[in-house]
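First up is the structure itself, then whatever we jot down about it.
The values are calculated or read from the model by the stated rules, or taken from the named source; none is laboratory data. No experiment lies behind these values; they were computed from the predicted model shown. Here the Cβ is made from the backbone with ideal geometry for all residues, glycine too, and neighbour counts use every protein chain on show.
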Amino acid sequence: MPYYDYKTVNFDKIVTVWHPVDTDVEIWGQVCFIAQVPMGKIPYDEPVQKYLSAVEIIKTTSNSELREKGFTKLVKRDEGVFENVTASENESRYMLSDDPTTLPNLANKVPD
């Protein structure tokens with residue numbers, strides 16, 4: 001479902017709501033009901049104009065992209081065992097909670 005911005009004609013108030021395309025919204029009272037916001041001092045029957053909001057784009061980041069940018073991603077594999085899916089060649093692939101030598105070397109990743 002898309003997001004819509006509704007702007008009052010006479011009061012310059014904008015509210016963003018999320019609803020199906022086929023929902024007809026023409027007045028401020030309907031906008032407030034859908035958005036679950038108080039009407040304030042704007043009359044219930046105040047006309048509104050509908051605008052399509054900016055589209056949200058989500059881009060996933062791969063483990064190799066995270067590694068290149070200096071991030072460490074740990075995935076829990078067992079109780080006290082984490083896999084470092086962004087491990088470099090000189091880092092341990094698995095981090096064990098009771099073995100400090102398996103911790104990622106953050107000093108090599110984060111410059112001062």
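For the stretch 89-112, the set of residues classified as touching a helix residue (DSSP H, G or I) at 6+ places or on another chain (Cβ under 7 Å) and not hydrophobic (A, V, I, L, M, F, W, C) consists of Ser92, Tyr94, listed by residue number. Annotation: of all residues in the stretch 47-80 being at pLDDT below 90 and of a type in the set (Lys, Arg), the one that is nearest to Asp24 (Cα to Cα) is Lys59.
Filtering the stretch 65-102 to residues that are in contact with a Leu (Cβ under 7 Å, 6 or more places away or on another chain) and aliphatic (A, V, I, L, M) leaves Val81, Met95.
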